[in-house]
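Just below is one structure, and these are the notes that go with it.
Any read-out appearing in this document is the output of simple, stated calculations on the displayed coordinates, not a laboratory observation. Predicted, not measured: the structure shown is a model, and the values here were computed from it. No Cβ is skipped: glycine too gets one built from the backbone with ideal geometry, and neighbour counts run over all protein chains shown.
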Amino acid sequence: MIVPTYNERDNLDELVRRVIDACKGNGLDAEIVIVDDNSPDGTGARAEELAKDYPVRVVHRTGKLGLSSAVLEGVKTARDSVIVVMDADLSHPPEKIPEMVAKITSGEAQIVIGSRYIPGGGVENWPVRRRFVSKIATLLARGLTKVKDPMSGFLAFQRSVVDGAPLNPVGYKVGLEILVKGNYSKVAEVPIHFANRKAGKSKLGGTEVMKYVDHVIMLYEHRKPWLSRYLKFSVIGGIGALINTAVLWIAKEGFSVYYLWAAVLGFCVASTSNYILNRYWTFRSKSGIPGQYVQFLLVSICGLLINLAILKGIVEDAMPALGIHEDKASIYLVVANLIAIFVVSIFNFFANSLWTFEADTRHMRKRRSRRDR
Ligand code: GDD
Ligand code: MN
């Protein structure tokens with residue numbers, strides 16, 4: 001049993017008492033590992049006091065290092081084979097622990113979530129804003145797990161679920177991290193009523209929300225590395241098209257540059273910004289910049305030539321063959337160009353994945369081929 005704490009002194013006594021009572025009544029002898037981040041309110045000292053009378057162990061960390069990393073630290077320290085994680089503020093009913101643990105020991109599941117969003121569960125008069133944020137956050141995680149309440153901080157799991165899993169200690173949602181990356185075949189949910197915290201303040205603020213969005217993006221990347229990279233690549237490509245157009249227009253209208261040179265300039269500026277964004281966002285690359293940049297430009301130029309070739313092929317060969325003899329400024333030209341852009345985006349994406357950023361995608365391809373074998 002792991003309880004991360006930051007300024008929870010006034011909740012500890014009741015928490016420990018209720019956990020012990022709930023477990024004893026069901027023949028469980030749980031050890032409570034409290035992971036405290038040097039709380040200014042003296043939670044750590046209070047926990048040490050409790051450790052004298054109860055099966056409590058305290059891990060003291062030097063400062064506020066974050067909720068997920070506290071939980072993972074607790075996993076290393078805990079000795080039980082079934083691990084329960086819960087908040088210290090009594091939002092999570094300790095009385096549900098035996099039911100959750102039972103589902104694991106019976107083999108019904110390897111992870112059990114204390115869920116607010118299944119029949120029988122709920123939240124205690126939350127303000128509209130928090131309800132809304134919670135719902136949006138849950139929606140964002142839809143594609144990652146079927147669990148109805150993947151945001152829950154109340155969960156139980158078999159130790160083997162996290163052994164060797166590449167868990168990332170950032171963010172608030174260690175449960176979601178475990179659901180996405182853990183080794184398990186079955187997950188169950190037990191309804192809980194999420195009570196408002198007894199004492200102290202919530203630590204969930206605006207920056208945690210931003211970090212959550214970043215966390216979710218990373219988890220999607222983990223699940224579908226090629227698709228999420230392609231989507232990022234396409235978003236950047238769209239931004240590049242806008243930059244390209246803006247530079248062309250400014251150069252021509254503002255500085256009277258000959259329009260073809262203005263177009264070349266737009267292409268160069270957009271390719272450069274595309275390179276930078278893809279390097280740091282899509283591929284999170286750490287390799288040397290100059291060679292990579294040249295490779296990226298070469299791919300972009302090939303892409304441009306392919307774009308023109310496809311466009312020419314559609315307009316001059318395919319359309320006449322289909323009996324379409326519109327003039328070239330018509331809607332058909334736009335459609336033809338969209339088709340060309342789509343093909344080129346795929347070409348550019350794979351050329352850059354397999355050549356420009358080869359070193360950064362290599363491990364991904366290895367994993368894929370291992371799975372296929
Ligand atoms: N050690 C440590 N370090 N503990 C922390 C830290 C930290 O940096 N930040 C928070 N905690 C502890 C708190 O002391 C508490 O025991 C627990 O983590 C949850 O923190 P709260 O501040 O009570 O979070 P919350 O109520 O806003 O969020 C809870 O509910 C969410 C569902 O809406 C958490 O359980 C979330 O995980 C959950 O998603
Ligand atoms: Mn709370």
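Annotation for Lys135 and Arg79: the two label points, set 7 Å from Cα along the Cα-Cβ direction, are 4.7 nm apart. Site pair Glu95 and Leu304 shows an inter-label distance of 7.1 nm when each label is modelled 7 Å from Cα along Cα→Cβ. Taking +1 at the Cβ of each Lys and Arg and -1 at the Cβ of each Asp and Glu, which of Tyr280, Ser300, Leu311 sits farthest along the dipole of the range 225-371 towards its positive end, judged by Cα position relative to the Cα centre? Of Tyr280, Ser300, Leu311, it is Tyr280. Neighbour counting of Cβ atoms within 10 Å sorts the residues Met218, Met364, Met86, Met151, fewest neighbours leading, into Met364, Met218, Met151, Met86. Annotation: the residues Ile324, Ile236, sorted from fewest to most other C-beta atoms within 10 Å of their own C-beta, follow the order Ile324, Ile236.
Taking Cα atoms only, the orientation of helix 9-24 departs from the longest principal axis of the chain by about 70 degrees. Each Lys and Arg Cβ is given +1 and each Asp and Glu Cβ -1; about its Cα centre, the chain then shows a dipole of about 640 debye.
Ranking Ser160, Thr43, Tyr117 by Cα position along the charge dipole of the range 22-166, where only Lys, Arg, Asp and Glu carry charges on their C-beta atoms, puts Tyr117 farthest toward the positive end. Looking at the range 216-285, the trypsin sites (Lys or Arg not before Pro) that sit in a DSSP loop and have at most 16 other Cβ atoms within 10 Å of their own Cβ are Arg284. Counting only alpha carbon atoms, the long axis of helix 206-223 and the longest principal axis of the chain meet at about 70°. Applying both filters, DSSP loop and at most 13 other Cβ atoms within 10 Å, to the GluC sites (Glu not before Pro) of the range 86-138 gives Glu108, Glu124.
Here's the picture: a label point sits 7 Å out from the Cα of Arg18 along the beta-carbon direction, and within the range 69-112 the residues with their amide nitrogen under 18 Å of it are 84-101.
What shape does the chain have by the C-alpha gyration tensor, where a ≥ b ≥ c are the square roots of the eigenvalues, rounded means a/c under 1.5, and otherwise prolate means a/b greater than b/c and oblate the rest? Prolate is the answer for the chain, as a/c is 1.5 or above and a/b outweighs b/c. Just to confirm the number: angle between the C-alpha axis of helix 331-351 and the first principal axis of the chain, 0 to 90 degrees, nearest 10? Its long axis makes an angle of about 60 degrees. Legend: ranking of residues His215, His222 from fewest to most surrounding C-beta atoms inside 10 Å; resulting order His222, His215.
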